[in-house]
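S.K.: Following this message is one structure expressed as structure tokens.
The values are calculated or read from the model by the stated rules, or taken from the named source; none is laboratory data. From a predicted model like this one, the values you see are computed outputs, not experimental measurements. Cβ placement follows ideal geometry from the backbone for every residue including glycine, while neighbour counts extend to all protein chains displayed. Note: accessible area is taken over every heavy atom of the protein model, side chains too, but ligands, DNA and RNA are not part of it. Shrake-Rupley method; radii C 1.70, N 1.55, O 1.52, S 1.80 Å.
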Amino acid sequence: MLKVEVSPRYAERRNQLMRLAPEACFIFFGAPEPEGSAHRHPFRQNSDFFYLTEFDEPGAILVLCGGKSHLFVSDRNEAQEIWTGERYGAERAGSVFQMDEASRVMDFDSKLDLFLKDSKTVYYSLGTSAEQDSRILKAIQHSSRHRGKGRFGNLPIHDPRPHLSLLRSVKDELEIERMRKACAATAKAHLHLLKRVKAGMSEFDAANEFQYWLFKNGCTDLGYAPIFASGFNATTLHYVRNNDTLKHGDLLLVDAAGEFGGYTADLTQTFPVSGTFTPEQRKIYQSVLDVNREITRMARPGVNYRSLHSKSVELLTGALLELGVLQGELKENVNTQAYRSYFPHGLGHYLGLDVHDVGIYHEEGRDFELKPGMILTNEPGLYFRERGTPFFGIGVRIEDDLLITSSGAEVLTHETPRDIDAIEALRTIANS
Ligand code: GLY
Ligand code: MN
Ligand code: MN
């Protein structure tokens, strides 16, 4: 069914972008038709394009120029629509997506000349497609020749992505609402796993169970390839085979989440396949949970993300020293990065339309500070791949999604239980 209501937020975002460079012409190509059969590889819109339009047909182009939004879309074609379903066509797309103008995509090249005529600069991402680049460069050369007869050189081209990165890293109300839904549904599906997973099931069975509850709770897709990693598999960070059998005594690490309205959650929980953690698993789990909680407590506007990562390194290294896995001084172990064998990834990342969303961490030697409206993950972990410690084969990650508020951080994924007692109570019932 075609969408008929689009939030005015999208037009506000386009206006916000145009205000950043009022004399520029912004050109955005949406994602092309998927290669091969669209049925096998479902279409996914380019995230910047989606952020500015919510238009989700392939092969569209957006031009923002002179304070106006122009959308170029494929023609309607009844023969084609037997395969693809109904398309908007220019007229309907223009009104539904609240554009100042909408045209057929085949008219783009001729109109581009007009747009460039009064622009002083062009914002366009070179390098995605040689064919698109050549169209844009030709148009720029043509327009520049025409107006300056070569005297002023070509119109300069800038990459729009830094602007988009800045805008997208602070979520507006509509985005926060969607993130809340994605995170709540994901957290509930994780809670459901705690109540249902049993030894003897496969990782794949657990993944199916998860997906069923995720979609039942309102998500419309998985946000990324899910990780259902039991036992030693949990020490592989991006384990996606999900074909092992769940065994008593093992932990199951689940890093899986759903998407709502284009926005994805990103949640990891780790729990025992049996009713209880072993003493070694319990120590590692509690160490990771303590770090996750301390980071949540510290996250607030004005703090920079790199300092939170450094804090997680310091705390996890301290835990490794206490557990006897590392020896010596805390400072020295941090400086030599001895912890990296056990905590090889960063504390987290921006989250939104993409699971590893755009956003700036540092720029020109300056660390970026957290601001209200940013959403980031908090995902400390410890992994033991080397034999010779009592913790061999244990992998624990605890990942929450944090919305930075005016005074702190709200845990959007709070509905997944994290305390050992609460987890063991649910796991004991599941296994009985
Ligand atoms: N799910 C991928 C990540 O946690 O970064
Ligand atoms: Mn993550
Ligand atoms: Mn994750």
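S.K.: Using the Cα centre of the chain as origin and beta-carbon charges of +1 (Lys, Arg) and -1 (Asp, Glu), tell me which of T186, I227, A139 is placed farthest towards the positive end of the dipole.
M.R.: So the residue we want is A139.
S.K.: Moving to a separate point now. Considering only N15, G328, L351, whose Cα is most displaced toward the positive end of the charge dipole of the chain, charges sitting on Cβ of Lys, Arg (+1) and Asp, Glu (-1)?
M.R.: Looking along the dipole axis, the top candidate is N15.
S.K.: For K331, list the lysines whose Cα falls under 21 Å from its own Cα; do not include residues on the same chain fewer than 8 positions away.
M.R.: Candidates past the 8-residue exclusion: K311.
S.K.: Any chance you could list P(r) for region 141-295, counting all Cα-Cα pairs in 5 angstrom bins from zero, rounded to whole %?
M.R.: 2, 9, 14, 15, 14, 12, 8, 5, 4, 3, 3, 3, 3, 2, 1, 0
S.K.: With the chain treated as a Gaussian network of Cα nodes joined by springs under 10 Å, which of L194, L214, L116 yields the largest mean-square fluctuation?
M.R.: Of L194, L214, L116, the most mobile in the Gaussian network model is L116.
S.K.: Follow-up. Run the reach check for K138 against lysines, Cα to Cα strictly under 22 Å, same-chain hits fewer than 8 apart removed. What comes back?
M.R.: Candidates past the 8-residue exclusion: K111, K117, K120, K149.
S.K.: Size of the dipole of the chain about the Cα centre, Lys and Arg at +1 and Asp and Glu at -1 on the beta carbon, nothing else charged, in debye to 20?
M.R.: Dipole of the chain, to the nearest 20 debye: 520 debye.
S.K.: Under 30 Å Cα-Cα from K198, which lysines qualify once same-chain neighbours fewer than 8 residues away are excluded?
M.R.: The qualifying lysines are K181, K188, K216, K247, K283.
S.K.: Mind running the shape call on region 227-324? Use the C-alpha gyration tensor, a ≥ b ≥ c as the square roots of the eigenvalues: rounded below 1.5 for a/c, prolate if a/b tops b/c, oblate otherwise.
M.R.: oblate
S.K.: Can you tell me the Rg and the Dmax, both Å, for the Cα atoms in region 25-78?
M.R.: Spelled out, the Cα radius of gyration and Dmax of region 25-78 are 12.1, 40 Å.
S.K.: Here is a further query. Binning at 10 angstrom from zero up to the longest distance, how are the C-alpha pair distances of region 323-379 distributed in percent?
M.R.: Taking every Cα pair in region 323-379, the percentages come to 18, 35, 29, 17, 1.
S.K.: Please calculate how many Å² of accessible area region 267-372 carries per residue, with a 1.4 Å probe and no DNA, RNA or ligand atoms counted.
M.R.: 47 Å²
S.K.: Related question: Would you mind telling me which residue in D255, D266, D205 has the biggest mean-square fluctuation in a Gaussian network model of the chain, where springs connect alpha carbons within a distance under 10 angstrom?
M.R.: Checking each option, the largest mean-square fluctuation is seen for D205.
S.K.: Is there a quick way to get the dipole size of region 153-275? I mean about its Cα centre, with the Cβ of Lys and Arg at +1 and of Asp and Glu at -1; what is the value in debye to the nearest 20?
M.R.: 280 debye
S.K.: How far apart, in nanometres, would the label points at H158 and E91 be if each is projected 7 angstrom from Cα along the Cα-to-Cβ direction?
M.R.: Here the answer is 3.8 nm between the modelled labels.
S.K.: Moving on to the next point. At a 1.4 Å probe radius, carbon and sulfur cover how many percent of the accessible area of region 240-348?
M.R.: The value for region 240-348 is 46 percent carbon and sulfur by accessible area.
S.K.: Now for a separate question. Leaving out ligands and nucleic acids, note down the accessible area per residue over region 127-254 with a 1.4 angstrom probe, in whole Å².
M.R.: Ligands and nucleic acids excluded, the figure is 50 Å² per residue.
S.K.: If we count every other residue with Cβ under 14 angstrom of L289's Cβ, Lys/Arg +1 and Asp/Glu -1, where does the sum land?
M.R.: Net charge in that neighbourhood comes out at -2.
S.K.: Here is a further query. With the calculation restricted to Cα positions, what are the radius of gyration and Dmax of region 310-432 in angstrom?
M.R.: Looking at region 310-432, its Cα Rg and Dmax stand at 17.3, 57 Å.
S.K.: In whole Å and largest first, what semi-axes does the C-alpha gyration tensor of region 15-168 yield when each eigenvalue is scaled by 5 and square-rooted?
M.R.: Largest first, region 15-168 gives 27, 17, 16 Å.
S.K.: When the convex hull of the C-alpha atoms of region 351-421 is computed, what volume per residue in Å³ does it have?
M.R.: Given the Cα convex hull of region 351-421, per-residue volume reads 163 Å³.
S.K.: Assign one of three labels to region 246-292, namely rounded, prolate or oblate, based on the Cα gyration tensor with a ≥ b ≥ c the square roots of its eigenvalues; rounded applies when a/c is under 1.5, prolate when it is not and a/b is larger than b/c, and oblate otherwise.
M.R.: Oblate.
S.K.: Can you tell me the alpha carbon radius of gyration of the chain divided by the globular rule-of-thumb value 2.2 N^0.38 Å?
M.R.: 1.13
S.K.: With each run of n ≥ 4 DSSP H residues scored as -39500 (n - 2.57), what mean residue ellipticity at 222 nm is computed for the chain after dividing by its residue count and rounding to the nearest 500 deg cm²/dmol?
M.R.: Taking each H run of at least 4 residues, the total per residue is -12000 deg cm²/dmol.
S.K.: Could you work out the local net charge near E329, counting Lys and Arg as +1, Asp and Glu as -1, over the other residues with Cβ closer than 14 Å to its Cβ?
M.R.: Neighbour charge sum, excluding E329 itself: -2.
S.K.: So, one more: Calculate the tail of P(r) for region 54-145: the fraction of all Cα-Cα distances greater than 23 Å, expressed in %.
M.R.: In whole percent, the long-distance tail amounts to 29.
S.K.: Given a 1.4 angstrom probe, I'd like the percentage of the accessible area of region 89-206 that is carbon and sulfur, rounded to a whole number.
M.R.: In region 89-206, the share of accessible area belonging to carbon and sulfur is 53 percent.
S.K.: Relative to the Cα centre, what is the charge dipole magnitude of region 305-417, using +1 at the beta carbon of each Lys and Arg, -1 at the beta carbon of each Asp and Glu, and rounding to the nearest 20 debye?
M.R.: Dipole of region 305-417, to the nearest 20 debye: 400 debye.
S.K.: Please report the equivalent ellipsoid semi-axes of region 1-44, computed as sqrt(5 x eigenvalue) of the Cα gyration tensor, largest first, in whole Å.
M.R.: 29, 17, 6
S.K.: Would you mind getting me the FRET efficiency between E332 and E294? Use the beta-carbon distance for r and R0 = 25 Å, nearest 0.05.
M.R.: 0.70
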